[in-house]
Amino acid sequence: MVTAYGFAEYGGPETQIYVDVTLPPPGAGQLQVSVRAAGVNPADWKVRAGDRKGTVAVTLPGVLGREVSGVVTAVGAQVTEFRIGDEVFGATASGFGGYTESTLLDAASTAHKPASVSWADAAVLTVSAGTAYDALHDLDLPAGSTLLLLGAGGGVGVSTLALARPRGIEVIGVASEAKKSAVEAAGARWVRSGVGFTDRIAALMPHGVDALFDLVGESTLVDAATLVRAGGPIVSIADPSTAGRLGGGGVNRRRTTAVFAEVAALVATGALDPGVGARYPFTEAGAALAAVEDGHHGGKVVIEFP
Ligand SMILES: NC(=O)c1ccc[n+]([C@@H]2O[C@H](COP(=O)([O-])OP(=O)(O)OC[C@H]3O[C@@H](n4cnc5c(N)ncnc54)[C@H](OP(=O)(O)O)[C@@H]3O)[C@@H](O)[C@H]2O)c1
């Protein structure tokens, strides 16, 4: 049995509980991992709330979390790239969570952790940094392009800022006042979010922007789309269906060992700081998720295990 943090039934934070679960041996293509750190993401509370029924497999009580770093303790059949004792990070296998002392990962969505990358940094690479990497890959903007980034101060936002800079992309980062210094320190131009944000951007960019990457969705996305030059790409991970109605779409998430290894190498060389902003011990997993569910925290939130 391992201790995990999850939810007894679909609903609000009041459904969250610590629970002992039996972890089966890893199946074909899976790894069993002793968890050192778990990334905390908006997707976690959305799964708990029942918003992801049909796309995320959950057996109640469900275990929260989708990504971890840790040490391999067992390998399933057909796994050739990883051995017991390897330090890794990756996405949890279907039906398994990340807020737990031990879990199962899909080997195809796992990469080796470079020695110089911390457990906390590695734990947050698959969802946020991986998404930022995939989005910029999809957009494929030439140097000198302008990219409007909605939600620039959050988990995906900070990685997008860091990855866009070496590509020579000029980012206009929309975020609250509290995120101004972080956005500007990443080399982007900050625009205050909230009522009138499109006017503020139009004053800064009278000829519009080349592309839009949205991490907020709904009316914010719809309003921002008016600032994109004709034919410019619009991608959203917060609200891909609205992006689709605007002529854009979602991000093609690859979640492969090769992509995760590339992202980790960028962290190891100092080219990417995934922006871990808050660390919580496993005993305070509920507080960690509450910080993310609030929706206005900065950077990434991590749960650490002894
Ligand atoms: N499909 C995927 O693979 C995938 C992967 C990762 C994330 N996502 C989704 O993408 C979204 C963002 O994820 P995340 O991890 O970056 O979330 P996050 O860390 O919670 O950050 C969201 C950011 O948006 C800002 N924000 C909220 N309302 C805003 C507004 N009206 N204008 C500008 N900024 C606003 C928030 O802070 P301030 O307002 O305080 O500045 C916050 O910094 C979530 O919906 C998540 O579920 C999807």
* Might you let me know whether the stretch 163-177 holds any residue that is of a type in the set (Asp, Glu), within 23 Å of Thr126 (Cβ to Cβ) and within 13 Å of the ligand (Cβ to nearest atom)? => no
* To do: Go through Asp239, Asp214, Asp210 for me and flag whichever is farther than 30 Å from Leu105 by Cβ and either touching a helix residue (DSSP H, G or I) at 6+ places or on another chain (Cβ under 8 Å) or of a type in the set (Asp, Glu) (or both).
  => Asp210
* **Among (1) under 22 Å from Ala238 (Cα atoms); (2) in contact (Cβ under 8 Å) with a residue 60 or more places away in the chain - the single one Thr55 does not satisfy** => (2)
* To do: Please state which of the following conditions Ala202 fails to meet, knowing it meets all the rest: (1) within 21 Å of Lys300 (Cα to Cα); (2) of a type in the set (Gly, Ala, Ser); (3) in contact with a Leu (Cβ under 8 Å, 6 or more places away or on another chain).
  => (1)
* **Among (1) of a type in the set (Ser, Thr, Tyr); (2) crowded, with 17+ Cβ neighbours inside 10 Å; (3) in the same structural domain as Ala185 (by TED's automatic domain parsing), the one test that Tyr280 misses** => (3)
* Kindly list the number of the only condition in (1) small (Gly, Ala, Ser); (2) within 21 Å of Ser159 (Cα to Cα); (3) surrounded by fewer than 21 Cβ atoms within 10 Å (Cβ to Cβ) that fails for Ser219. => (2)
* Does the stretch 1-30 hold any residues that are surrounded by 15 or more Cβ atoms within 10 Å (Cβ to Cβ), over 26 Å from Gly277 (Cα atoms) and in contact with a Ser or Thr (Cβ under 6 Å, 6 or more places away or on another chain), and which are they? -> Val2, Leu23
* Does Ala175 satisfy being buried (at least 24 other Cβ atoms within 10 Å of the Cβ), within 24 Å of Val40 (Cα to Cα) and in contact (Cβ under 8 Å) with a residue 12 or more places away in the chain? -> yes
* Asked: In the stretch 238-255, how many residues are buried (at least 21 other Cβ atoms within 10 Å of the Cβ) and of a type in the set (A, V, I, L, M, F, W, C)?
  -> 2
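Results for (1) in the same structural domain as Gly154 (by TED's automatic domain parsing); (2) more than 16 Å from the ligand (Cβ to nearest atom); (3) assigned to a loop (DSSP other than H, G, I, E, B); (4) within 19 Å of the chain's Cα centre (by Cα), shown as yes or no for each residue.
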residue	(1), (2), (3), (4)
Val56	no, no, yes, yes
Thr80	no, yes, yes, no
Ala111	no, yes, no, yes
Ser116	no, yes, yes, no
* Inter-residue pairs, beta-carbon under 7 Å, first farther than 15 Å from Leu141 by Cα and in the stretch 197-218, second away from the ligand (no atom under 15 Å from the Cβ) and assigned to a strand (DSSP E or B), 6+ apart -> Met205/Thr146; Gly208/Val228
* To do: Residues being among the aromatic types (Phe, Trp, Tyr) and more than 18 Å from Ala4 (Cβ to Cβ): count how many of those fall in the stretch 268-295.
  => 0
* Could you run through the stretch 274-306 and say how many residues are assigned to a loop (DSSP other than H, G, I, E, B) and either within 15 Å of the ligand (Cβ to nearest atom) or under 23 Å from Gly12 (Cβ atoms) (or both)? => 8
* Structure fact -> All conditions in (1) within 24 Å of Thr256 (Cβ to Cβ); (2) among the acidic types (Asp, Glu); (3) free of Cβ contacts under 8 Å to residues at least 24 places away in the same chain are true of Asp106 except (3)
* Asked: modelled with pLDDT under 95 and more than 15 Å from Gly286 (Cα to Cα): does that describe Arg52?
  -> yes
* To do: Would you check if there is a residue in the stretch 143-154 being near the ligand (Cβ under 8 Å from one of its atoms), out of contact with any Lys or Arg (no Cβ under 9 Å at 6 or more places or on another chain) and not in a helix (DSSP H, G or I)?
  => yes
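So that you can scan it fast, the table gives a plain yes or no per residue for (1) part of a strand (DSSP E or B); (2) more than 24 Å from Thr257 (Cα to Cα); (3) assigned by TED's automatic domain parsing to the domain that holds Ala91; (4) not acidic (Asp, Glu):
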| residue | (1), (2), (3), (4) |
| --- | --- |
| Tyr10 | no, yes, yes, yes |
| Glu14 | no, yes, yes, no |
| Asp20 | yes, yes, yes, no |
| Leu23 | no, no, yes, yes |
| Pro26 | no, no, yes, yes |
| Val33 | yes, no, yes, yes |
| Ala38 | yes, no, yes, yes |
| Ala43 | no, no, yes, yes |
| Lys46 | no, yes, yes, yes |
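The values are calculated or read from the model by the stated rules, or taken from the named source; none is laboratory data. Note that this is a predicted model, so its numbers are computed, not measured. Positions of Cβ are generated from backbone atoms using ideal geometry, with glycine treated the same way; all protein chains shown enter the neighbour counts.
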